[in-house]
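See below for the structure under consideration.
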Amino acid sequence: MTRKIQIFDTTLRDGEQSPGASMNTEEKLVVARQLLRLNVDVIEAGFPISSPGDFESVRRIAELAGDQATVCALTRAVEKDIDSAADALKYCKRPRIHTGIGVSPSHLQDKLRISEEECLKRTAHCVSYAKQYVEDVQFYAEDAGRSDYDFLVRVIQTAIDNGATVVNIPDTTGYSLPEEFGRRIKYLMDNVDGIENVTVAVHCHNDLGMATALAMEGVKNGATQIECTINGLGERAGNTAMEEVVMAIKMHEQELDAHTDVNTREFLKASRLVSSITGMSVQANKAIVGANAFAHSSGIHQDGVLKKRDTYEIIDPADVGAGQSQIVLTARSGHAALKHRLEELGYDLEGEALDQVYGAFLDLADKKKEVYDEDLESLVNERDRNENAIYVLEGVQISCGFPLTPTATVTLRNQADQVVTACEFGTGPIDAMCKAIDKIVQVDNDLTEFAVQSVTRGIDALGEVTIRVTDPEGAIYTGRGSDGDIVVSSTKAYLNALNRLLNDKKEHRK
Ligand SMILES: CC(=O)SCCNC(=O)CCNC(=O)[C@H](O)C(C)(C)COP(=O)(O)OP(=O)(O)OC[C@H]1O[C@@H](n2cnc3c(N)ncnc32)[C@H](O)[C@@H]1OP(=O)(O)O
Ligand SMILES: CC(C)C(=O)C(=O)O
């Protein structure tokens with residue numbers, strides 16, 4: 001059995017310190033319920049001395065959690081903070097007080113303005129003071145990442161000697177390089193007496209984008225608790241993202257000799273919930289929970305994933321509650337992805353037929369960011385319409401507007417492969433286009449119906465036009481055409497109706 005790594009969630013405390021991410025008590029309770037579904041080990045619910053609202057949140061979350069998770073409250077190394085935390089956790093089944101003090105030269109000299117000896121004295125006092133209230137006391141050595149190695153050993157030794165059950169080594173400013181942070185943890189493991197009897201925690205910030213790497217180095221060197229948040233929310237650039245460390249541990253369980261008990265299938269739900277409550281959106285390329293985390297849009301990758309998912313995916317999206325891998329059709333997609341999607345839509349195209357639709361697909365994809373299912377259906381229908389066509393559209397050019405006379409120039413290819421062009425005026429662009437086609441096709445008909453519909457999403461949607469024509473005997477022929485340009489759709493639709501009329505007449509002559 002590998003080492004169990006405790007997951008300490010601080011979304012409701014450090015996460016909430018993100019500018020703009022503050023949550024009220026009801027919102028915190030909603031997030032806490034999701035944290036329980038994730039099965040985290042510890043929920044840091046707030047900093048009770050900071051406001052009556054935060055006090056109440058800690059109290060209510062403690063009530064909610066029952067004995068399912070440890071609930072932790074943060075304090076400074078200050079008696080009144082600890083009294084308030086103890087009060088908020090009074091009815092908690094598994095209470096933990098998290099107290100501590102700055103230990104780096106910067107924090108000692110510039111913030112706290114105390115000597116190292118005073119820091120050690122306050123360390124001893126805050127831990128033993130909290131210990132009067134609860135058995136489980138976690139001590140943090142703030143800004144440990146920039147502290148002197150040997151002074152840090154003395155601080156942590158003092159905390160343990162005074163009863164700390166967990167010692168938290170934060171890289172508060174996200175300053176460290178991962179390997180160096182790992183060395184620091186190892187140094188503590190090797191030099192603090194009795195450290196093997198307590199839990200060693202890491203709490204890392206993302207100022208250099210390395211919060212996850214720092215936490216992993218901590219685990220490699222002996223830490224068995226990771227402090228983290230959903231979506232990596234947290235002060236400044238944020239904290240270690242829970243979804244990232246948990247999945248990294250899951251992927252590398254044997255080499256890290258580590259596992260967690262987190263229910264990873266709840267990750268996407270948790271991410272969306274926290275994002276909607278805090279209003280902090282998740283970047284599309286965010287690991288594990290970003291919109292693109294399991295989306296493939298380039299042909300080579302799509303081909304690989306369709307042959308075997310793990311050619312380009314290390315995580316099964318279902319494992320993090322993200323359903324299935326997504327194949328996004330774009331101008332970078334190849335035949336494999338197009339064929340796959342067409343098959344899912346019920347079209348089984350091969351060889352030349354597939355090549356024709358692929359050509360039309362690329363033309364469209366160069367104009368649009370993404371090609372949707374409705375676009376594909378239109379492209380396939382368009383190809384089917386052209387298959388038995390007597391006249392195929394080679395080009396259409398319209399000039400119209402105020403005060404121009406609408407003019408259409410249409411070029412068609414007939415079955416004898418002759419290309420014919422005609423130009424006509426009209427009362428409007430559609431009228432001009434129909435007259436130009438009539439000049440080439442020369443078949444008696446009346447246009448009796450014209451309807452336009454947007455078949456796909458967005459401003460760059462395909463427009464589908466339906467046209468009905470009636471021949472002198474009263475037979476009705478329906479034509480359809482689709483394109484991003486509504487005049488081109490109309491031209492295709494009119495030609496499609498005339499082709500059907502001509503094919504019908506040909507059948508009758510047989
Ligand atoms: C690294 C972290 O993320 S720690 C968590 C950060 N979270 C918060 O700050 C929670 C919200 N904070 C608050 O509500 C308030 O700042 C309070 C209630 C904690 C304190 O409010 P105030 O008493 O008005 O103090 P203020 O915020 O102006 O200054 C902080 C004081 O705490 C001291 N202090 C800071 N950290 C510690 C510590 N760990 N132990 C003891 N004292 C500390 C500072 O030196 C300063 O004291 P000074 O004015 O005597 O120099
Ligand atoms: C309170 C401590 C753990 C903290 O948030 C930090 O050092 O960043």
query = Tell me, what HN-Hα J-couplings in whole Hz come from the Karplus equation 6.51 cos²θ - 1.76 cosθ + 1.60 at θ = phi - 60° for each residue of region 210-226, using x for Gly and Pro?
reply = 10, 4, 5, 4, 4, 4, 5, 5, x, 4, 4, 9, x, 5, 10, 9, 10
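Restricting things to alpha carbons, find the Rg to Rh ratio for region 3-278 using the Kirkwood radius for Rh. Present the calculation step by step, with values, prior to reporting the outcome.
Working: Rg = 17.0 Å, Rh = 18.2 Å.
Radius of gyration relative to Kirkwood radius: 0.93.
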query = Counting only the backbone N, which residues of region 80-114 are under 20 Å from the spot 7 Å out from the Cα of Gln68 toward its beta-carbon?
reply = 89-96
task = List the pair-distance distribution P(r) of region 388-509, using every Cα-Cα distance, as the percent of pairs falling in each 10 Å bin from 0 up to the bin containing the longest distance, rounded to whole percents.
result = 14, 44, 34, 8, 0
request  = Go through Lys308/Lys368; Lys121/Lys186; Lys435/Lys505 and tell me which ones have a Cα-Cα distance over 23 Å in this structure.
outcome  = Lys308/Lys368; Lys121/Lys186
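Which order, highest average first, do 185-193, 248-256 follow once you tally other Cβ atoms within 10 Å for each residue and take the mean per peptide?
Most protected by this proxy first, the peptides run 185-193, 248-256.
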ask   = Hey, fewest Cβ within 10 Å first, where do Val202, Val469, Val127 land in order?
value = Val469, Val127, Val202
inquiry  = If I model region 131-266 as equal point scatterers sitting on the Cα atoms and use the Debye formula, what is log10 I(q)/I(0) at q = 0.11, 0.20 Å⁻¹?
reply    = -0.37, -1.17
ask   = So between Glu473 and Asn285, what do we pick up on full extension, going 0.36 nm a residue minus the alpha carbon distance?
value = 61.5 nm
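Roughly what % antiparallel, to the nearest 5, for the DSSP beta bridges in region 3-278? Numbers along the way, then the final one.
Details: 1 of 36 bridges.
Among the beta bridges of region 3-278, antiparallel pairing accounts for roughly 5 percent.
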note = Per the rule of 0.36 nm per residue minus the C-alpha distance, extending Met189 to Cys423 adds in nm 75.5 nm
remark   = Rounded to the nearest whole number, the per residue volume of the convex hull around the C-alpha atoms of region 310-399 in Å³ is 133
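What is the order of His296, His259, fewest Cβ neighbours within 10 Å to most? Write down the numbers at each step before the final one.
Working: His296 24, His259 16.
Fewest to most other Cβ atoms nearby, the residues stand as His259, His296.
Over all distinct Cα pairs, what is the inverse of the mean 1/r for region 440-510, reported as the Kirkwood hydrodynamic radius in Å? Walk me through the numbers before you get to the answer.
Values: mean 1/r = 0.0793 Å⁻¹.
It works out to 12.6 Å.
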ask   = Across region 451-459, in residue order, what do the Karplus-derived ³J(HN,Hα) couplings come to in whole Hz, using 6.51 cos²θ - 1.76 cosθ + 1.60 with θ = phi - 60° and x for Gly and Pro?
value = 9, 10, 9, 8, 9, 10, 8, x, 5
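By count of other Cβ within 10 Å, fewest leading, how are Ser115, Ser325, Ser50 ordered?
Numbers: Ser115 11, Ser325 19, Ser50 14.
Listing Ser115, Ser325, Ser50 from fewest to most nearby Cβ atoms yields Ser115, Ser50, Ser325.
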Calculated FRET efficiency for the pair Ala318/Glu135, C-beta based, R₀ 35 Å, to 0.05 = 0.30
note = So, relative contact order of the chain in percent, Cα under 8 Å, 6 or more apart, is 9
note = With x for Gly and Pro, the residue-by-residue ³J(HN,Hα) of region 367-378, computed from phi through the Karplus equation 6.51 cos²θ - 1.76 cosθ + 1.60 at θ = phi - 60° and given in whole Hz, is 9, 10, 6, 9, 9, 8, 4, 4, 4, 4, 4, 5
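Checking the table Lys339/Lys369; Lys286/Lys339; Lys131/Lys269; Lys111/Lys220; Lys28/Lys369 against a 27 Å threshold on Cα-Cα, which pairs fail? Walk me through the numbers on the way to the answer.
Numbers: Lys339/Lys369 19 Å; Lys286/Lys339 29 Å; Lys131/Lys269 37 Å; Lys111/Lys220 32 Å; Lys28/Lys369 38 Å.
Lys286/Lys339; Lys131/Lys269; Lys111/Lys220; Lys28/Lys369, as the Cα separations exceed 27 Å there.
Given a Förster distance of 30 Å, report the FRET efficiency between Asp261 and Asp348 from their Cβ-Cβ distance, rounded to the nearest 0.05. Each step should come with its number before you reach the end.
On the way: r = 46 Å, r/R0 = 1.54.
With R0 = 30 Å, the Cβ-Cβ based efficiency is 0.05.
Run through every distinct alpha carbon pair of the chain and return the Kirkwood hydrodynamic radius in angstroms, one decimal place. Each step should come with its number before you reach the end.
Working: mean 1/r = 0.0364 Å⁻¹.
Result for the chain stands at 27.4 Å.
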query = Between Val78 and Glu387, what is the label-to-label distance in nm when each label sits 7 Å out along the Cα-to-Cβ direction?
reply = 7.8
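Rule-based calculations on the coordinates, nothing more; no lab input. The structure displayed is predicted, hence computed values, not measured ones. Positions of Cβ are generated from backbone atoms using ideal geometry, with glycine treated the same way; all protein chains shown enter the neighbour counts.
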